[in-house]
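These notes concern the structure reproduced below.
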Amino acid sequence: MAQELKPDICVIGAGAGGLAAASAAAAFGVPVVLIEKGRMGGENLNGGDMPANALVAVAERANVIRNAARFGLKTVRFGVDFAAVRAYLRDVVNAVAPNHTRERFAGLGVRVIEGAARFSDPRTVAVGDFAIKARRFVIATGSSPALPAIPGLADTPHVTNETVFDLTDCPRHLIVIGAGSVGLELAQAFRRLGAEVTVLEAVTPLASDDPECAAIVLDALDREGVKLRTGVEIKHVRRALARVAIDIMTPAGAETIEGSHLLVAAGRRPNVEELDLDAARIRYEPHGIIVDKRLRTTNKRVYAVGDVTVGPKLTHLANYHAELVIRHALFRQRVSVDHHAIPTVTHTDPELAQVGLVEDEARAHSGVIRVLRWPYCENDRAQTTQATNGHIKVVTDRRGDILGATIVGAAAGENIAAWTLAITQKLNIRAFAGLVVPYPAYAEVGKRAAMTYFMRGLTSFHVRRIIGWLRRLG
Ligand SMILES: Cc1cc2nc3c(=O)[nH]c(=O)nc-3n(C[C@H](O)[C@H](O)[C@H](O)COP(=O)(O)OP(=O)(O)OC[C@H]3O[C@@H](n4cnc5c(N)ncnc54)[C@H](O)[C@@H]3O)c2cc1C
């Protein structure tokens with residue numbers, strides 16, 4: 001007979017969203033059960049953000065060393081010790097892991113249960129020997145790499161984000177399926193560590209970003225030797241002498257590409273299979289669980305947060321979801337999820353960061369818009385570091401209210417935070433034009449772009465006449 005538990009909140013999944021929800025609920029002294037079937041920390045820690053960004057950081061340093069001569073520095077001999085790189089990724093993950101252990105969460109007052117959770121009815125979750133009847137449930141089971149239905153893929157050796165960071169050698173020729181953020185970040189990183197890299201994309205690379213800014217990233221990758229093939233239909237994947245062969249159809253005809261390793265980075269699928277959502281009367285679709293503006297599922301006792309829901313898949317979004325759920329579940333606040341000011345960052349070099357509307361969306365939304373730009377090559381900080389590739393592009397309505405910003409260039413991911421605040425707080429471009437930015441800083445590109453909004457007015461006949469009148473007053 002199963003042991004019955006009756007906590008206030010039961011969270012399923014100990015990734016970014018689940019950990020944030022469980023720790024916040026426990027901090028308010030509420031009885032919480034957290035169920036995790038695998039490693040604590042989820043994708044962020046174990047196969048996503050942390051190892052990927054650590055690899056990007058390693059590759060960035062490799063690139064700095066390669067280009068040291070530009071700064072007048074002589075390097076003796078450059079080489080990559082891939083085993084040491086792999087150890088470095090582990091060190092980074094191990095440095096963060098203590099924040100996510102079962103023991104730490106037990107110390108916070110969270111009861112952690114190991115096992116795969118499954119709904120047995122709309123009010124009960126079963127896991128191991130337990131039957132949990134919570135007042136509210138939070139599904140935070142995340143997503144897994146989607147494997148496209150390509151003939152031969154299942155029988156051909158390949159890696160995904162779950163296994164790529166365990167490679168013991170740098171691939172000789174890495175073929176990447178998918179030119180989204182993750183595919184391109186890893187493509188550039190492996191290229192910088194010495195691999196030949198080919199990326200195959202059926203449609204448009206970085207499809208959800210501003211095309212003008214995305215093109216700068218794609219151009220940089222091209223110059224570094226990443227071969228990006230777009231409009232490619234993959235017909236068949238198979239083992240070959242070189243390890244993997246891919247038969248593709250391109251606008252120019254049929255072709256076969258051979259490589260030593262294959263990385264599949266072709267999107268995500270929500271982790272719902274084991275949950276028996278039908279038993280709980282929770283509706284879902286191929287992209288995730290359907291939620292309302294309060295992040296409640298079709299079963300009002302059950303919330304869903306993070307990657308398992310329909311919508312963007314980002315760690316900061318999972319955290320934001322968790323915060324809203326706790327406010328609603330514990331305090332009954334009338335929260336309303338709002339995705340329009342959620343920033344996204346592609347950690348390539350140059351970085352690509354976006355928040356709010358891109359130009360086309362803004363035009364469709366507001367009709368008459370203003371597009372403001374400022375290039376990194378006009379930024380003194382960028383000149384000192386040679387990070388002159390890129391620009392900021394800000395979109396406002398005719399009154400100067402900020403609708404969106406895209407930054408492609410150094411520290412884009414850091415500097416997008418200010419524009420996120422601007423959009424959240426419904427600021428006008430005037431706020432940025434009047435901002436005093438430290439010198440020299442990459443952030444100055446934002447101020448300079450903002451100032452261009454007023455340039456037309458400054459040079460107008462009307463303004464010159466006023467200046468003339470004032471001058472006459474002494
Ligand atoms: C390579 C890569 C790089 C990324 N980089 C970034 C980045 O730089 N910035 C960013 O914002 N996002 C990034 N992401 C996305 C980010 O990792 C995810 O959006 C985030 O981890 C989602 O958190 P989550 O809590 O929704 O799910 P997860 O972190 O996936 O956690 C879900 C947890 O639920 C558990 N689980 C699943 N089913 C059950 C069950 N039935 N019972 C019990 N437990 C279960 C799983 O084991 C897992 O631990 C990256 C993703 C990848 C793949």
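Quick note: the coordinates plus some simple rules give every number you see, no bench work behind them. This structure is a prediction, so every number in the text was calculated from the model and none was measured. Virtual Cβ from ideal backbone geometry, glycine too; neighbours counted across all protein chains shown.
Structural remarks
- Ordering of 10-18, 326-334, 206-214 by packing is 10-18, 206-214, 326-334, highest average first (other Cβ atoms within 10 Å, averaged per residue).
- Listed peptides 47-55, 434-442, 231-239 appear in the order 47-55, 231-239, 434-442 once ranked by packing, highest mean of other Cβ atoms within 10 Å at the front.
- Among Trp469, Trp374, Trp419, sorting on how many other beta-carbon atoms sit within 10 Å of each Cβ, with the fewest leading, yields Trp469, Trp374, Trp419.
- For Ala242, the shell of other residues with beta-carbons less than 10 Å away shows a net charge of +2, using +1 for Lys and Arg and -1 for Asp and Glu.
- q = 0.12 Å⁻¹: log10 I(q)/I(0) that the Debye formula gives for the range 228-346, counting C-alpha atoms only: -0.64
- Computed about its Cα centre, the charge dipole of the chain is approximately 1800 debye, with only Lys, Arg, Asp and Glu carrying charge at their Cβ.
- Around the amide H of Thr309, modelled in the peptide plane, lie the amide H atoms of Ile289, all under 5 Å away and 5 or more residues distant in sequence or on another chain.
- Residue-wise HN-Hα couplings along the range 154-160, as the Karplus relation 6.51 cos²θ - 1.76 cosθ + 1.60 with θ = phi - 60° gives them from phi, are 4, 9, 10, x, 8, 10, 10 Hz; Gly and Pro carry x.
- Extreme residue, positive dipole direction of the chain, given options Phe28, Val93, Leu206 (C-beta unit charges): Phe28
- Among the listed pairs Lys313/Lys393; Lys393/Lys426; Lys133/Lys300; Lys6/Lys300, a Cα-Cα separation exceeding 21 Å is found for Lys313/Lys393.
- Projecting the Cα atoms of Ile416, Leu5, Ala149 onto the dipole axis of the chain, where Lys and Arg carry +1 and Asp and Glu carry -1 at the beta carbon, places Ile416 farthest toward the positive end.
- Residue ranges 282-295, 310-323, 98-111 sort as 310-323, 282-295, 98-111 when ordered by packing (mean number of other C-beta atoms within 10 Å per residue, highest first).
- Dimensionless Rg/Rh of the range 414-474 - Kirkwood Rh, Rg from C-alpha atoms: 1.14
- Residue exposure proxy: Leu193, Leu275, ordered by other Cβ atoms within 10 angstrom of their Cβ from fewest to most, comes out as Leu193, Leu275.
- Karplus (6.51, -1.76, 1.60) ³J(HN,Hα), θ = phi - 60°, over the range 144-149, in Hz, Gly and Pro reported as x: 10, x, 7, 9, x, 7
- Kirkwood's formula applied to the C-alpha pairs of the chain gives a hydrodynamic radius of 24.7 angstrom.
- Under 5 Å, built H, 5+ apart or other chain: amide partners of Leu34: Val11, Arg111, Val112, Ile113
- Summary of the geometry: the range 1-55 and the range 349-422, compared by the centres of their Cα atoms, lie 35 Å apart.
- The range 159-266 - share of DSSP beta bridges that are antiparallel (%, nearest 5): 50
- The range 250-282 and the range 208-246: distance between their alpha carbon centers, rounded to Å: 17
- Of all DSSP beta bridges in the chain, antiparallel share, percent nearest 5: 60
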